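J.: Sharing a structure with you now.
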Amino acid sequence: MKIAHPFVILFIVWAICALWVSCSSCQSQKNSAAQVEAPYLKISPDFDADSAYFFVKQQVLFGPRVPGSMEHRACGDYLVAKLREFGAYVVEQKADVTHYNGQNIEIRNIIGSYRPEEEKRILLFAHWDSRPFADEESDAENRIRPIPGADDGASGVGILLEIARHLQAVPPDYGIDIIFFDLEDWGQPSFDKSIVSGEWWCVGSRYWSENPHIPDYKAEYGILLDMVGAADAVFPKEGNSVRYASNIVEKVWRKAVQLGYTAYFPNQTAGYITDDHIPINENHRAPSIDIIHQKNTSTGFAPHWHTHNDNMSVINRNTLLAVGQTVLEVIYSEKQQ
């Protein structure tokens, strides 16, 4: 019987170990490669930021959309016409309300529905009125003049009109309701020292949530767009949205990240905002979230908030694209679930 030389045996053992290490390394590399996610493939139509910008501008051109004014009436007619042009079944909800100053104001909620016969529904909403005061202006005379409301109001409506255009071209197989709420932004001004108790913000959405256009209306979830057009906009997770509909927050923010919009939708939670999603949640119409621009300022909002600087100069197409494409992707992803 032949016996191998000790050096030969040592060499064979070394070779076997080297081969094992090499194979383990290859397998490790394969496992690492498998863990790398494939690029996300967008399924929604391409959101046209130029078109959304145009819709924002058209609203601002009417002038301040203060309820009861000619500008408000003309802009409302325009919004109704555009929704109908984009294939929506439109209902106008009108009602008289008495506001904090005793003034009687007619509200006009504009509702555009797609596939109204479908039980499964998604609710998209924004406010279309603009504030009758610029109470964040330093000059007393300027404070009593209405603001243009390009970002605060028109930006969300502009994005939803562009989404409506896509809903007509590529109809989803479930129902979608787009609501433009009135009288959101006529809360008592900060310079008025005679505080009147009551709910003076979000009047149109509160009225609808208590008196929906369809009895017992329910939606799977709702997305509110408010101040979604400024160049430096950042949309942290709003506190009440997390409180009422944390799963919807995560759904939307996850899509934003997948689409490459992390800079706009950071994984951060911010303050609690009184906005149109509150009555929708309180009256159980839909678990709803608020995509809203918040800033680390004394007001919690951008410097143009409730000033005359809230005009078309602050509106940025890239921001409109980030928000609009994210919302489109969320709603068109529904049919993949």
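The values are calculated or read from the model by the stated rules, or taken from the named source; none is laboratory data. Computed from a predicted model, the values in this text were never measured in an experiment. Protein only, heavy atoms only, side chains kept; ligands, DNA and RNA dropped before computing areas. Shrake-Rupley method; radii C 1.70, N 1.55, O 1.52, S 1.80 Å.
J.: Which value results when the Cα radius of gyration for the stretch 64-203 is divided by 2.2 N^0.38 Å? Display every interim value, and only then the final one.
T.: Values: Rg = 16.6 Å, N = 140, 2.2 N^0.38 = 14.4 Å.
Dividing the Cα Rg of the stretch 64-203 by 2.2 N^0.38 Å gives 1.15.
J.: Using alpha carbon centroids, what distance separates the stretch 97-176 and the stretch 216-257, in Å?
T.: Using only Cα atoms, the two centres lie 16 Å from each other.
J.: Can you tell me the length gained on complete extension of the stretch TRP200 to ALA74, counting 0.36 nm per residue apart and subtracting the Cα distance?
T.: Details: separation 126, 0.36 × 126 = 45.36 nm, distance 2.41 nm.
Separation in residues times 0.36 nm, less the Cα-Cα distance, equals 43.0 nm.
J.: By the gyration tensor of its Cα atoms, with a ≥ b ≥ c the square roots of the eigenvalues, what is the shape of the stretch 251-337: rounded for a/c under 1.5, prolate for a/b over b/c, or oblate?
T.: On the way: a/c = 1.88, a/b = 1.26, b/c = 1.49.
Since a/c reaches 1.5 but b/c is at least a/b, the shape of the stretch 251-337 is classed as oblate.
J.: Write down Rg/Rh for the stretch 127-201, rounded to two decimals, with Rg from the C-alpha atoms and Rh from the Kirkwood relation over Cα pairs. Walk me through the numbers on the way to the answer.
T.: Numbers: Rg = 16.8 Å, Rh = 14.7 Å.
Rg/Rh for the stretch 127-201 comes to 1.15.
J.: Just want to confirm a number: the relative contact order over the stretch 215-337, from Cα pairs under 8 angstrom separated by 6+ residues, in percent.
T.: Values: 169 pairs, mean separation 49.6, N = 123.
The normalised contact order for the stretch 215-337 reaches 40 percent.
J.: Give me the base-10 log of I(q)/I(0) for the stretch 110-150 at each q in 0.23, 0.25 Å⁻¹, Debye formula, one uniform scatterer per Cα, rounded to two decimals.
T.: -0.78, -0.86
J.: With a ≥ b ≥ c taken as the square roots of the eigenvalues of the C-alpha gyration tensor of the stretch 189-286, please select rounded if a/c is under 1.5 and otherwise prolate if a/b is larger than b/c or oblate if it is not?
T.: Details: a/c = 2.37, a/b = 1.30, b/c = 1.83.
It is oblate, given that a/c is not under 1.5 and a/b is not larger than b/c.
J.: Same structure again: Give me the one-decimal Kirkwood hydrodynamic radius in Å for the stretch 134-248, with the sum taken over alpha-carbon pairs. Write out the running numbers ahead of the final one.
T.: Details: mean 1/r = 0.0585 Å⁻¹.
It is 17.1 Å.
J.: Right, here's the next one. What residue among GLU199, GLU136, GLU71 has the largest mean-square fluctuation in a Gaussian network model of the chain, using Cα springs under 10 Å?
T.: GLU199
J.: Which of HIS277, HIS213, HIS308 moves most in a GNM of the chain, Cα contacts under 10 Å?
T.: HIS213
J.: Can you tell me which of ILE195, ILE110, ILE273 moves the most in a GNM of the chain? Springs connect C-alpha atoms under 10 Å apart.
T.: ILE195
J.: Round to the nearest 10 and give me the degree value, 0 to 90, for the angle of helix 70-85's Cα axis relative to the longest principal axis of the chain.
T.: 50
J.: Keeping all protein chains in the complex and leaving out DNA, RNA and ligands, what accessible area do you get for ASP50 with a 1.4 Å probe, in Å² to the nearest 10?
T.: Accessible area, nearest 10 Å²: 90 Å².
J.: How large is Rg/Rh for the chain, to two decimals, with Cα atoms and a Kirkwood Rh?
T.: Values: Rg = 26.3 Å, Rh = 21.7 Å.
Value, to two decimals: 1.21.
J.: Using a Cα distance threshold of under 29 Å, what count of lysine pairs results for the stretch 182-337 when pairs must be 8 or more residues apart or interchain?
T.: Step by step, the pairs that qualify in the stretch 182-337 add up to 13.
J.: Please calculate the 1.4 Å probe accessible area of VAL242, with all protein chains present, and give it to the nearest 10 Å².
T.: Looks like 50 Å² after rounding.
J.: With every protein chain left in place, what is the accessible area per residue of the chain in square angstrom, probe 1.4 Å?
T.: Numbers: 15850 Å² over 337 residues.
Result: 47 Å² per residue.
J.: Quantify how much of the Cα-Cα distance distribution of the stretch 282-324 extends past 15 Å, in percent. Walk me through the intermediate numbers first.
T.: Numbers: 551 of 903 pairs.
When all Cα pairs of the stretch 282-324 are counted, 61 percent exceed 15 Å.
J.: Could you grab the relative contact order for the stretch 65-223? Cα pairs under 8 Å, six or more apart, rounded to a whole percent.
T.: Working: 272 pairs, mean separation 45.1, N = 159.
RCO, the stretch 65-223: 28 percent.
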